[in-house]
1. Based only on other Cβ atoms within 10 Å, what is the fewest-to-most ordering of THR66, THR18?
2. Give me the angle, in degrees from 0 to 90, between the Cα long axis of helix 188-208 and the longest principal axis of the Cα atoms of the chain, rounded to the nearest 10.
3. Mind giving me the nanometre distance, one decimal, between the label points for VAL94 and LYS15, set 7 Å out from Cα along Cα→Cβ?
4. Between ALA134 and PHE184, what FRET efficiency comes out of the Förster formula 1/(1 + (r/R0)^6) with R0 = 25 Å and r the beta carbon distance, rounded to 0.05?
5. Given springs between every Cα pair under 10 Å in a Gaussian network model of the chain, which of LEU195, LEU227, LEU77 has the largest fluctuation?
6. Which part of segment 255-269 falls in the paramagnetic zone of VAL238, meaning amide N under 20 Å from the point 7 Å along Cα-to-beta-carbon?
7. So, in nm, how far is label ILE268 from label LEU213 when the simple model puts each one 7 Å beyond its Cα toward the Cβ?
8. For a footprinting-style exposure proxy, rank ILE191, ILE44 by other Cβ within 10 Å, fewest first.
Amino acid sequence: MSSFLIYDNHCPLCKVYTKAFVKMDFLETEGRVAFSELEDEKVIAMVDWKRAKNEIPYIDLKENKTYYGVDALLKVLGGKWNFFNWYAKQWLLVAGAKKLYKFVSYNRRVIIAGQPAPCKFDSAPDFNTTYRLAYILFAWLVSSLMLTQYAAALNPYLAEGFFGREFLIGGGQIIFQIVLLLLFTRDKVKIFEYLGNLMTISIAGSLLLFPSLIIGEWYSNALFALLYFGFIVMWMFVEHWRRVKLLGLPIIVCFSWVAYRLIVLYFII
């Protein structure tokens, strides 16, 4: 084996795309090695482990060189598709890709949350306030847009919405949850970890409403839309509960999330 990626096997996103690289023949079967499985001392010495937490390392033993993040992915993809070799020479495109990569990498464990297993190398990404705030704002905007569209499908059960209303409701939810969290912890990172998970649930729930909107183009039925919405909310509550337990926060945080939505619902019906 002359080259391979070292991936965070506690990150479902990392496992999926590195496995896809193997299936698509960008990497050999042994061309992906998990942090927890790495034992070769020569390879370990070639890795900047602080950087590797945030940018996936690609070890090229022929060149005796380590690539990270976007450079690593371009090296892998460029081995089969010349387009990516061209792309790697376009500094502006590469700079944009690196920003997007960091946006995903710093937030990867709040996008898909799981219980990390013991590992001699700390593969958890560093906490970055800028990229976490960017993720919260992105999810907030997307959720507000989707809920604005869905409110129309719930008429006459719910007054037709507008973006400003949904955006303010989403912002109010964030503030409401922060105030409650401050009763239990003053750990800034812990609070931002929760907010990242909260916004993942919001954006996932909002995007899961999209099939109902598509169906509504052919079969418009407010009762169906309401029942579908209720099903999605139940899934969101269960997922919220799971993530709160993973974070070690009190379960009351789940019920405050529901309480806020019920209070808002009372005023907008």
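FYI, it's all coordinate maths here, none of it is from the lab. Note that the structure is a prediction, hence the values are computed from the model and not measured. No Cβ is skipped: glycine too gets one built from the backbone with ideal geometry, and neighbour counts run over all protein chains shown.
1. Details: THR66 19, THR18 25.
Fewest to most other Cβ atoms nearby, the residues stand as THR66, THR18.
2. With rounding to tens, the tilt is 70 degrees.
3. It is 3.2 nm.
4. Details: r = 26 Å, r/R0 = 1.03.
The formula returns an efficiency of 0.45 here.
5. Maximum fluctuation in the GNM of the chain, among the listed residues, is at LEU227.
6. Residues 255-259 fall inside that zone.
7. Result for the modelled spin labels: 1.4 nm.
8. On the way: ILE191 18, ILE44 13.
Ascending Cβ contact count within 10 Å gives the list ILE44, ILE191.
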